[in-house]
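Novice: First the structure, which I've put down as structure tokens, then a few questions once you've had a look.
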Amino acid sequence: MKIVIVNKSDSTGGAAVVSYRLMMALRAAGADARMLVAEKLTDSPYVALAAPAWKLKRAFLADRLRIALANGFNRATLFRLDAAAAGIDLSRHPWIREADAVMINWINQGLLSLRGIERIGHLGKRILWTMHDMWNLTGLCHHAGECRRYVAPGECGDCPLLQHHASPDDLSHRVSVGKKELYRRCRIDFVAVSSWLAGKGRESSLLGDQRLSVIPNAFHLPCRENIARVENPDELRIIFGAARLDDEVKDFPMLIESLHALKRQYPELAARTRLILYGGIRNEGLIGEIPLPVEYTGLLRKPAEVAALYSRADIVVSTSRFETLPGTLVEGQAYGCLPVTFGSGGQRDIVDHGNTGLIVDRTNDRIADARAIADAIARGASMIAADGPALRARMYDSVRARFDAPSVAAAYLRLLSTPD
């Protein structure tokens, strides 16, 4: 089977990383899988640029101009919104022409337009569209936050992110109408990477009546015998990582507040706790506000470096406001780190509360939420002290069974083998 995965990049961003992993897993399973991208950073012969660089640049600028005109040239939301108004016509690309199936992933910012997707649909190819966020079920945004305008029987319009440029017939409404027409005219199998995201899709006006499956992202997880844990019973080591630590979605200030709460509520535990941080950060001054010893590595690009950090950490924390399927919790468990996380997204697909990690229900009270994370860290430390080896075995078996790349590739191939 010939499969082409279309994604903005082959290595920049979460969707790019998991798309590349999936391509390699599909190839290992016997499929002729390839990727078309707007940004090629790997040297893989199975990845190609979708078009010459000048065409990609022109499409990117045209696409961003459409958003800028709609939001009043507000830089704060320029890259939080996408209209898929401009893109490359991939229906003429030989890889697309020869493919049995086209798997669309993250295609915004000038790679594919809605019209370009329809042109691929007219070729009669099997189309799978993997949703890494909420963009398929909203007008413009990738994460709706507290906004519920996308929920059936309503539809987008008066977009909060357009602020005073919003109206009932604003760009969010017009793009939502365009998506509805695309979904009506093209046969598409939608794939959500978490049950949480699938639930959002099923309650939406755009995807409520579409074919929608749940298949998680693919992870290259280690063999059990290759994991070299570095234990230190005198310390509790907490790890927190992200591509950008102070991205507002990650809520890094909540992590800081939670560690202050840990120091107030559990001073003896805090005295032997240190924090391991990895990822980029714009405001490094935030690190100085952490009340515990900190080891900050900066942005790591080699998986082996990240694995080495997990192997000497005990608890992996996520304080994100929302996450579709947080990979840090999957990878952390594989290497022996107990997850402590808010449940604002796909965390419940990864963590079995009380068994393979701890999930905290987020409220609108930041002080209470910080205390709850601190309580969960203390409880997690007790779980590790009581029976660390058995806990780590449960976590490993749980994520290996569901998220290992070969299992995910097999799930996609099963979906592709079902009648269209």
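Novice: Out of residues 5 or more away from residue 5 or on other chains, whose amide H comes under 5 Å of its own, with H placed 1.01 Å from N in the peptide plane?
Specialist: Here the answer is 34, 35, 36, 103, since their amide H atoms fall under 5 Å of that of residue 5.
Novice: Please work out, to two decimal places, the log10 of the ratio I(q)/I(0) at q = 0.23 Å⁻¹ from a Debye calculation in which every Cα of region 330-410 carries one identical scatterer.
Specialist: Results for region 330-410 at q = 0.23 Å⁻¹ read -1.06.
Novice: Just name one of 243, 326, 164: the one whose Cα is farthest towards the positive end of the charge dipole of the chain (beta-carbon charges, Lys/Arg +1, Asp/Glu -1).
Specialist: 164
Novice: Taking the mean number of other Cβ atoms within 10 Å as a proxy for protection, how do you rank 265-276, 402-413 from highest to lowest? Could you put the intermediate results ahead of the total?
Specialist: Values: 265-276: 16.0, 402-413: 19.1.
For the peptides 265-276, 402-413, the packing ranking is 402-413, 265-276.
Novice: Separation between the residue 118 and residue 390 pseudo-spin-labels, each 7 Å from Cα along Cα→Cβ, expressed in nm?
Specialist: Label at residue 118, label at residue 390, 6.0 nm between them.
Novice: I'd like the Kirkwood hydrodynamic radius of region 85-215, using the inverse of the mean 1/r over distinct C-alpha pairs, in Å.
Specialist: Values: mean 1/r = 0.0662 Å⁻¹.
Over region 85-215, the inverse of the mean reciprocal pair distance is 15.1 Å.
Novice: Which whole-number value in Å² is the accessible area per residue of region 301-372, probe 1.4 Å?
Specialist: Numbers: 2550 Å² over 72 residues.
Per-residue value: 35 Å².
Novice: So which of 8/57; 40/125; 40/250; 2/200 end up more than 20 Å apart, counting from Cα to Cα?
Specialist: On the way: 8/57 12 Å; 40/125 24 Å; 40/250 27 Å; 2/200 31 Å.
Among 8/57; 40/125; 40/250; 2/200, the Cα-Cα distance tops 20 Å for 40/125; 40/250; 2/200.
Novice: Just check region 194-259 against the gyration tensor rule for me: Cα atoms, a ≥ b ≥ c as the square roots of the eigenvalues, rounded for a/c under 1.5, and otherwise prolate or oblate depending on whether a/b exceeds b/c.
Specialist: oblate
Novice: How many times 2.2 N^0.38 Å is the alpha carbon radius of gyration of the chain? Write out the running numbers ahead of the final one.
Specialist: Working: Rg = 21.8 Å, N = 420, 2.2 N^0.38 = 21.8 Å.
This ratio for the chain stands at 1.00.
Novice: While we're looking at this one, here's another question. Show me the helices of the chain, taken as full DSSP H stretches, that run 15 Å or more along their long axis by Cα and average 0.5 or above in Kyte-Doolittle hydropathy. Let's see the in-between values first.
Specialist: Numbers: long enough: 14-28 (21 Å, 1.03); 53-71 (27 Å, 0.12); 171-185 (21 Å, -1.02); 252-265 (20 Å, 0.10); 366-403 (36 Å, 0.09); 405-417 (18 Å, 1.06).
The answer, listed by residue number, is 14-28, 405-417.
Novice: Over what distance in Å are the Cα centres of region 341-360 and region 51-129 separated?
Specialist: Spelled out, the Cα-based centre of one part sits 34 Å from the other.
Novice: Let me ask something additional. Amide H neighbours of residue 129 under 5 Å, counting only residues 5+ apart in sequence or on other chains, H built in-plane at 1.01 Å?
Specialist: Distant-sequence amide H within range of residue 129: 104, 189, 190, 191.
Novice: Here's something else I'd like to know. Consider all pairwise Cα distances in region 312-364 and report the whole-number % of them above 12 Å. Could the numbers behind the result be given before it?
Specialist: On the way: 762 of 1378 pairs.
Cα-Cα pairs in region 312-364 separated by more than 12 Å: 55 percent.
Novice: Let's test the formula: R0 of 41 Å, r as the Cβ-Cβ distance of residue 348 and residue 100. What FRET efficiency results, to the nearest 0.05? Can you show the working numbers first?
Specialist: On the way: r = 34 Å, r/R0 = 0.84.
Efficiency computed from Cβ-Cβ geometry: 0.75.
Novice: Here is a follow-up. How much FRET efficiency would the formula 1/(1 + (r/R0)^6) give for residue 167 and residue 49, where r is the Cβ-Cβ distance and R0 is 30 Å, rounded to 0.05? Intermediate results must be reported in sequence, preceding the final value.
Specialist: Working: r = 38 Å, r/R0 = 1.27.
Working from the Cβ atoms, E equals 0.20.
Novice: Leaving out ligands and nucleic acids, note down the accessible area per residue over region 64-139 with a 1.4 angstrom probe, in whole Å². Please report the intermediate quantities before stating the final value.
Specialist: Numbers: 2780 Å² over 76 residues.
Heavy-atom accessible area per residue stands at 37 Å².
Novice: While we're looking at this one, here's another question. Quick check for me: using +1 on Lys/Arg Cβ and -1 on Asp/Glu Cβ, what's the dipole size of the chain about its Cα centre, in debye to the nearest 20?
Specialist: So the magnitude is around 1240 debye.
Novice: Quick one: putting +1 on the C-beta of Lys and Arg, -1 on the C-beta of Asp and Glu, what dipole do you get for region 1-99 around its Cα centre, in Debye to the nearest 20? Before the final figure, lay out each step's value.
Specialist: On the way: 15 positive and 8 negative charges, 45 e Å.
Here region 1-99 has a charge dipole of around 220 debye.
Novice: Then there's this: At a 1.4 Å probe radius, carbon and sulfur cover how many percent of the accessible area of the chain? Walk me through the numbers on the way to the answer.
Specialist: Numbers: 9310 of 17870 Å².
With neighbouring chains kept in place, the figure for the chain is 52 percent.
Novice: For labels at residue 401 and residue 184 in the simple 7 Å Cα→Cβ model, what's the distance in nm?
Specialist: Taking the simple label geometry, residue 401 and residue 184 are separated by 4.4 nm.
Novice: Using just the alpha carbons, could you tell me how many Å³ per residue the convex hull of region 273-420 encloses? Write out the running numbers ahead of the final one.
Specialist: Values: hull volume 22.3 nm³, N = 148.
Cα convex hull per residue, to the nearest whole number: 151 Å³.
Novice: Where the only charges are on Cβ atoms (+1 Lys, Arg; -1 Asp, Glu), what is the dipole of region 323-420 about its Cα centre, to the nearest 20 debye? Before the final figure, lay out the partial values.
Specialist: Numbers: 10 positive and 12 negative charges, 27 e Å.
That gives region 323-420 a dipole magnitude of about 120 debye.
Novice: While we're on this one: Calculate for the chain the 222 nm mean residue ellipticity that helices alone would give, adding -39,500 (n - 2.57) per DSSP H run of length 4 or more and normalising by residue count, nearest 500 deg cm²/dmol. Don't skip to the end; give the middle numbers.
Specialist: On the way: 12 runs with 157 residues, N = 420.
Value at 222 nm, helices only: -12000 deg cm²/dmol.
Novice: With θ taken as phi - 60° and the coefficients 6.51, -1.76 and 1.60, list the Karplus ³J(HN,Hα) couplings across region 242-249 in order, rounded to whole Hz; mark glycine and proline as x.
Specialist: Running phi through 6.51 cos²θ - 1.76 cosθ + 1.60 with θ = phi - 60° gives 6, 4, 9, 4, 9, 4, 4, 5 Hz.
The values are calculated or read from the model by the stated rules, or taken from the named source; none is laboratory data. Note that the structure is predicted; figures quoted are calculated from it, not measured. FYI the Cβ positions are ideal-geometry reconstructions off the backbone, even for glycines, and counts take in every protein chain you see. Ligands, DNA and RNA are excluded from the accessible area calculation, which covers all protein heavy atoms including side chains. Shrake-Rupley method; radii C 1.70, N 1.55, O 1.52, S 1.80 Å.
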